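Engineer: Provided herewith is a single structure, encoded as structure tokens, for subsequent inquiry.
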Amino acid sequence: MDMPAALRARILASADVRRLVAQRVYWMQRAQATALPAIVLQTISDVRGQHMRGFQSLRSTRVRADVWAGGSDGYAAARQVSEAVIAAVVAEHRANGIHFRRAQIEGPRDLLEDGQTAPIFRCSTDLLLWWSSY
């Protein structure tokens, strides 16, 4: 399994995340009609360190996790899902052929989008992941 698929599986392995968003964790794009709350993941940077023999096995990848939520409790829901995502990825973890080291977290940042009928709240968190295949 590649790192993006392993990270999505890791997030969905959290009972708290599943309770809040079911299976609505996507890479890059969420369909406009998708129910909220939902999580959209995006790779921001993927540093591939090198040494004299080629690439290092340990990689540093920054992934942005945007949580989208609407409704009268949208802001609280977005914050709650963001905290569940952070709890799901911060600890060291080994599964699906990927060894994730302890993650660093930047955020969440609060954002607001204009929806068609009501505002959509977004909490954006950067996950700084150190990982390698095993």
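Engineer: On a 0 to 90 degree scale, rounded to 10, what angle separates helix 3-12 from the longest Cα axis of the chain?
Structural biologist: 50
Engineer: How much net charge surrounds residue 60 when only other residues with a Cβ under 11 Å from its Cβ are counted (Lys, Arg +1; Asp, Glu -1)? Intermediate values should be presented prior to the final figure.
Structural biologist: Numbers: positive: 48, 59, 62, 101; negative: 46.
Within the 11 Å Cβ shell, the charges total +3.
Engineer: Which whole-Hz ³J(HN,Hα) couplings does the stretch 13-19 yield from phi under the Karplus relation 6.51 cos²θ - 1.76 cosθ + 1.60, θ = phi - 60°, glycine and proline marked x?
Structural biologist: 3J(HN,Hα) across the stretch 13-19, in whole Hz: 6, 6, 4, 5, 5, 4, 5.
Engineer: Rounded to the nearest 5, what % of DSSP beta bridges with both residues in the stretch 1-95 are antiparallel?
Structural biologist: Numbers: 11 of 14 bridges.
Here the share of antiparallel DSSP bridges comes out near 80 percent.
Engineer: Roughly how tilted is helix 74-89, in degrees to the nearest 10 and between 0 and 90, from the longest Cα axis of the chain?
Structural biologist: That helix lies at roughly 20 degrees to the long axis.
Engineer: For the ranges 87-98, 121-132, what's the packing order if you count other beta-carbon atoms within 10 Å of each residue, average per peptide, and put the highest first? Intermediate values should be presented prior to the final figure.
Structural biologist: Values: 87-98: 15.6, 121-132: 20.0.
Highest to lowest by the protection proxy: 121-132, 87-98.
Where a number appears in this text, it was derived from the coordinates with a stated rule and is not lab data. Nothing here was measured: the structure is a model prediction, and the numbers come from that model. In this analysis, Cβ positions are derived from the backbone assuming ideal geometry, glycine residues included, and neighbour counts consider all displayed protein chains.
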